[in-house]
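Since the structure comes first, as structure tokens, the remarks are kept for the end.
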């Protein structure tokens, strides 16, 4: 049975360690893995221990990547899964071991346990940030593209995006265009205004009300 012969901090990341079994490098491990499994010099491991450690070491290494991703912005569960599928495909091209379904599920569960992965919270944050520039239709399309469940989308949209708030956003966006369009004929202005707001994903009734009101004011 293999024996831990050395536990050495990695040069680039002292919070991770290189684990040697019987004098040969076996895998890299984070602090949690070393502590939880008491990986100290002289410890004897059996085959099942090594297999489990290799799997957990892989998860720990991928967690480092996840922290980097989540430092940029919050992610949906589907975005994480897509990232892992792409990473696995790149490994396959390089004739390296792919990421197993077991590792993927374990990683996703760990992210949820650490409260880094929560699709409902992701959707709320996304809508809160994007509803100042986009309409309901665009927001729904973006969340669907992020892999958010339609029930979550409906719940989040009904709770945070009203026609009134959408109307206010649409009016602000349109007002920013007024100076550029001030010399347009009324018919041409309406055409441009409708096209602009519909492209931004606002519902037709919201667009019609805002454009007609601004046309009357003009």
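Read-outs: derived from the displayed coordinates by stated rules, not from any lab. All figures in this text were calculated on a predicted structure; none of them were measured in a lab. As a convention, Cβ positions derive from the backbone with ideal geometry for all residues, glycine included, and neighbour counts pool all protein chains shown.
Annotations
- Segment residue 91-residue 50, length gained on full extension (0.36 nm per residue, minus Cα span): 12.5 nm
- Taking 104, 215 and counting other C-beta atoms within 10 Å, the order from fewest to most: 215, 104
- Taking 101, 36, 22 in turn, the Gaussian network model of the chain (Cα-Cα springs below 10 Å) assigns the largest fluctuation to 36.
- Helix 186-199 axis versus longest C-alpha principal axis of the chain: approximately 20°, rounded to the nearest ten.
- 0 to 90° range, to nearest 10: angle between helix 136-145 axis and the chain longest Cα axis: 20 degrees
- With each label modelled as a point 7 angstrom along the Cα→C-beta vector, the residue 171-residue 116 pair spans 4.3 nm.
- Treating each Cα of segment 144-218 as an identical point scatterer and summing with the Debye formula, the log10 of I(q)/I(0) at q = 0.11 Å⁻¹ comes to -0.34.
- Separation of the residue 192 and residue 32 label points, Cα + 7 Å toward Cβ, nm: 5.5 nm
- Max mean-square fluctuation residue, GNM over the chain, Cα-Cα springs under 10 Å, options 123, 29, 179: 179
- Comparing 71, 109, 118 in a Gaussian network model of the chain where C-alpha atoms under 10 Å apart are linked, the largest mean-square fluctuation is found at 71.
- Cα centroid separation, segment 126-146 to segment 65-105 (Å): 24 Å
- Full extension of the chain between residue 105 and residue 64 yields a length gain of 13.1 nm, computed as 0.36 nm times the residue separation minus the alpha carbon distance.
- Degrees separating the helix 119-130 axis from the principal Cα axis of the chain, which is the longest one: 40 degrees
- The candidate values were (1) 53, 33, 33; (2) 85, 31, 29; (3) 67, 44, 32; the one computed from these coordinates for Cα extents along the principal axes in Å carries the label (2).
- Using the rule -39500 (n - 2.57) for each DSSP H run of four or more residues, divided by the residues of the chain, the 222 nm mean residue ellipticity is -21000 deg cm²/dmol.
- Segment 4-113 shape via C-alpha gyration tensor axes, a/c threshold 1.5: prolate
- Fully extending the segment from residue 6 to residue 72, taken as 0.36 nm per residue of separation minus the present Cα-Cα distance, adds 20.2 nm.
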